[in-house]
Amino acid sequence: MPKRLVLLMSLIGFAATSSYAVDPAIKTQLEKLDPATRLEQSCDTEAMSRINKDGTGFKPDKVIAYTFKDPIPSDDRLEAPGAVFRSKGDWYHLSYTCITGPQHINVRDLKYKIGDKVPKDKWTKYYLYD
């Protein structure tokens, strides 16, 4: 788990890169991970990037795929029905389906839905933080 958090923190600065194109620095970090973690991190990073660009005003700095339900991986696909993201200090429900290439680095397709804000009194229960 700490390795995942460290990687996520290092990827945050690169989240504004264009969709479908992976920055060489991110690629190098992702290649160091086991395939399952790489799949999740690639999809989380792409979701963060897309939400930043979608024009809704959200500016996510974190995405967590497993907060409310475990993600469902299969081959080059990850379904994350219980994800969250943090934007401007608040957490929001998120669900997404992500398809990557066989190395789990390049995201080929991502569909997501933003849900309601997570009430602050629920943060501790789900290990969310400022």
### Query
Do we find that THR67 is touching a Lys or Arg at 6+ places or on another chain (Cβ under 8 Å), β-branched (Val, Ile, Thr), modelled with pLDDT of 95 or more and surrounded by 12 or more Cβ atoms within 10 Å (Cβ to Cβ) in this structure?
no
### Count - residues of segment 29-59 that are open to solvent by 10 Å² or more (accessible area, probe 1.4 Å) and in a helix (DSSP H, G or I)
12
### Query
Is there a residue in segment 71-91 that is in contact with an Asp or Glu (Cβ under 7 Å, 6 or more places away or on another chain), surrounded by fewer than 19 Cβ atoms within 10 Å (Cβ to Cβ) and either of a type in the set (A, V, I, L, M, F, W, C) or not in a strand (DSSP E or B) (or both)?
yes
### Message
Yes or no: segment 88-103 includes at least one residue that is over 13 Å from the mean Cα position of the chain (by Cα), modelled with pLDDT under 95 and of a type outside the set (Gly, Ala, Ser).
### Response
yes
### Task
May I ask you to list the residues in segment 100-110 that are surrounded by 17 or more Cβ atoms within 10 Å (Cβ to Cβ) and either more than 19 Å from GLN29 (Cα to Cα) or out of contact with any helix residue (DSSP H, G or I) (no Cβ under 9 Å at 6 or more places or on another chain) (or both)?
LEU110
### Query
In the set LEU110, LEU78, which member is touching a residue at least 12 places away in the same chain (Cβ under 8 Å), in contact with a Cys (Cβ under 6 Å, 6 or more places away or on another chain) and closer than 16 Å to THR37 by Cβ?
LEU78
## Note on the structure
Of (1) farther than 27 Å from GLY89 by Cβ; (2) in contact with a Leu (Cβ under 8 Å, 6 or more places away or on another chain); (3) of a type in the set (Val, Ile, Thr); (4) not in a loop (DSSP other than H, G, I, E, B), VAL22 satisfies every one except (4)
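The values are calculated or read from the model by the stated rules, or taken from the named source; none is laboratory data. Small disclaimer: the values here were computed from a predicted structure and weren't measured. Quick reminder, even Gly has a Cβ in these numbers, built from the backbone with ideal geometry, and neighbours come from all protein chains shown. These area figures cover heavy atoms from the full protein model, side chains too; ligands, DNA and RNA do not enter into them. Shrake-Rupley method; radii C 1.70, N 1.55, O 1.52, S 1.80 Å.
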